[in-house]
Amino acid sequence: MKFFDEMRIAASNLTDFASDMAEPSVRLGVTGLARAGKTIFISSALHNIIHAGRLPRFEAHATGRIASAEIAPQPDKLVPRFRYEDHIADLTDRRIWPVSTSRTSQVRLSLRYQSKETLKRTFRSDRMAIDIVDYPGEWLLDLTLMELSYRDWSSRSFEQASKPLYSPHARDWFAHCDGIATSLANPEQGDEPYLETLARSTAKHFTDYLTAAKQARGAYALLTPGRFLMPGEYQDSPALSFAPLPDALYSKDKHSLWAMMERRFEDYKASIVVPFYRDHFARLDRQIVLIDLLAALNEGPETLAELEETITEILRAFRPGSRFWLRNLVSRRIDKILFAATKADHLHHTSHDRLERILARLVERATERVQSSGGECQTMAIAAVRATREATLTVEGDELPSLVGIPLEGEILGEDAFDGETEFALFPGDLPANPDLFFRAAGQPAPWGPHPDKAAQLEDEPNEDDLFQDPLCFVRFRPPHLEKDAEGLPRSLPHIRLDRALDFLLGDILK
Ligand SMILES: Nc1nc2c(ncn2[C@@H]2O[C@H](COP(=O)(O)OP(=O)(O)OP(=O)(O)O)[C@@H](O)[C@H]2O)c(=O)[nH]1
Ligand SMILES: [Mg+2]
């Protein structure tokens, strides 16, 4: 971390302070791996606050103390504005989910509210700005690079790629690496310096591996560098032409391929990762960490273990602890973190407590870290947009707690292929009451909820032998149909516990 960065963070904190005199602001971090639900959370939270949504547990909103809420010009003029209106139009008019985020954007919600404290009420009109940043989840993984040397990162990358879940995707890249020593000994002549050619072809093989591994393993895997998977403005840039090298190629010669790669790795950290952290995370006050736990559960214990590792690693970057690389630079401290399991509308409410318990177990290590540095944590199962409603299915005389919704076009469940128009009722399965079942050693069968055919034979609590090894019944649904109000505007987006999440994150600030 360079002195210049420290100055910049200090300066931006000062600017925050100056603008805070007019309108105090809170920076809310919406953090999560790719596809965790960040964009949907931000869109639905804004829409519900602005359009008088049903938020009974968000006290300031429910009691009418928020007099006005509107999108206001954001403080960072060079960052694109979050495309709130487009996302809401997608969700409410076209009833499609917005596409994956490929760049950073920001939005400021400006609130006027009536304080509960008489003194405050008498002496000033209360205003509060809430700044939120949206970004591609892939980039979050890069925060884990900051404390790694090139050599450590290289050996980590090879170690991961050698694991059975990854090695099938790494064959070409490994074969290429095997040939590097030979290429170095017999350089081919071309227009470009041969080390450059070699660096680029190595980076290409490595990127192909990362892409294939991510496709197979989902967003949970700690695959870095994140920009290789979601380059944003660095598409095709030389900043992304490096890769890990086998330790056998380690060299102290500053003209070697190793040294070249090492320089590029360090440049990547200094010129891409540090600014990303500095501009978006270093100044956060509050944070919600969104986790697509259901999808990870569906994948099995290996994925869950991987997700746990990834989340814990990432959160190290947010803890001002002793080995923390930015510890003296962050003038603001995150004092509250909410861990939320998203998309809870894929489960019947009778399973929400269980999902929360699994989440609490998943973030145990991360929570300890936050609490040891004085922060407050909570866990919650939420759906920022509720795409299903609940119903009871009767199967052979048994009543099964079920969900009704319109599966997305192209979704397949057993023999059913969906057209994106037809409603469908399904029994999603139950989660086991004991979260430990999910955290057994990787490699063992997944302890999924009972298969629908078996459900009727089971007592309340399935024992392990009864657990079926199929995943939960899981299809992706279209966003819900919304009635229009008297002015022809769509009513607010339905959700699960979005209000409780907002109350935890912002309630005390709006007292
Ligand atoms: N049913 C349901 N699906 C959701 C919800 N939130 C997110 N999803 C689904 O998850 C997908 C990803 O959500 P996003 O909000 O785009 O995820 P993100 O974290 O912004 O992902 P990146 O931009 O790729 O980092 C959406 O396209 C939806 O299919 C929810 O509350 N309910
Ligand atoms: Mg997004």
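Computed quantities for the displayed model
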| read-out | value |
| --- | --- |
| Relative packing of 153-163, 290-300, which averages over residues the other C-beta atoms within 10 Å, highest first | 290-300, 153-163 |
| Segment 217-301 - Debye-derived log10 I(q)/I(0), Cα point model, q = 0.11, 0.16, 0.18 Å⁻¹ | -0.48, -0.87, -0.97 |
| Cross-link table LYS214/LYS336; LYS77/LYS116; LYS214/LYS269; LYS38/LYS204; LYS77/LYS214; LYS116/LYS484, entries beyond 27 Å C-alpha to C-alpha | LYS214/LYS336; LYS77/LYS116; LYS38/LYS204; LYS77/LYS214; LYS116/LYS484 |
| Pair ALA239, LEU184: separation of 7 Å Cα→Cβ label points (nm) | 2.8 |
| Protection proxy ranking of 178-189, 98-109 - average other beta-carbon atoms within 10 Å, highest first | 98-109, 178-189 |
| Over segment 142-275: Kirkwood hydrodynamic radius from C-alpha pairwise inverse distances, Å | 15.2 |
| Phi to ³J(HN,Hα) by Karplus 6.51 cos²θ - 1.76 cosθ + 1.60 over segment 287-303, Hz, x for Gly, Pro | 9, 10, 9, 8, 10, 7, 5, 4, 5, 5, 4, 5, 7, x, x, 4, 5 |
| Nitroxide proxy distance, nm - points 7 Å out along Cα→Cβ at ILE412 and GLU309 | 3.1 |
| Segment 245-287: chymotrypsin sites (Phe, Trp or Tyr not before Pro) falling in loop per DSSP and having at most 16 other Cβ within 10 Å | TYR250 |
| Label point distance in nm, SER201-ARG54, each placed 7 Å from Cα along Cα→Cβ | 6.2 |
| Inter-part distance where segment 260-316 and segment 49-114 are each reduced to a Cα centre, Å | 25 |
| Proximal aspartates and glutamates to LYS343, defined as alpha-carbon separation beneath 17 angstrom and excluding residues fewer than eight positions away on the same chain | ASP292, GLU299, ASP353, GLU356, GLU390, GLU411, ASP430, ASP499 |
| FRET efficiency estimate (nearest 0.05) - Cβ-Cβ, LYS252 to ALA425, R0 51 angstrom | 0.20 |
| Amide hydrogen neighbours beyond the local backbone of VAL395, cut-off 5 Å, H modeled | LEU400 |
| Calculated over segment 85-168: convex hull of Cα atoms, volume per residue (Å³) | 221 |
| Rounded accessible area of PHE424 (nearest 10 Å², 1.4 Å probe) | 50 |
| Residue-by-residue Karplus 3J(HN,Hα) for segment 213-220, coefficients 6.51, -1.76, 1.60, Hz, glycine and proline x | 5, 5, 4, 7, 9, x, 7, 7 |
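The values are calculated or read from the model by the stated rules, or taken from the named source; none is laboratory data. Since the structure is predicted, the reported quantities are computational estimates derived from the model, not experimental observations. Please note: Cβ atoms are built from the backbone with ideal geometry, for glycine as well, and neighbour counts cover all protein chains shown. For accessibility, only protein heavy atoms count, side chains too; no ligands or nucleic acids. Shrake-Rupley method; radii C 1.70, N 1.55, O 1.52, S 1.80 Å.
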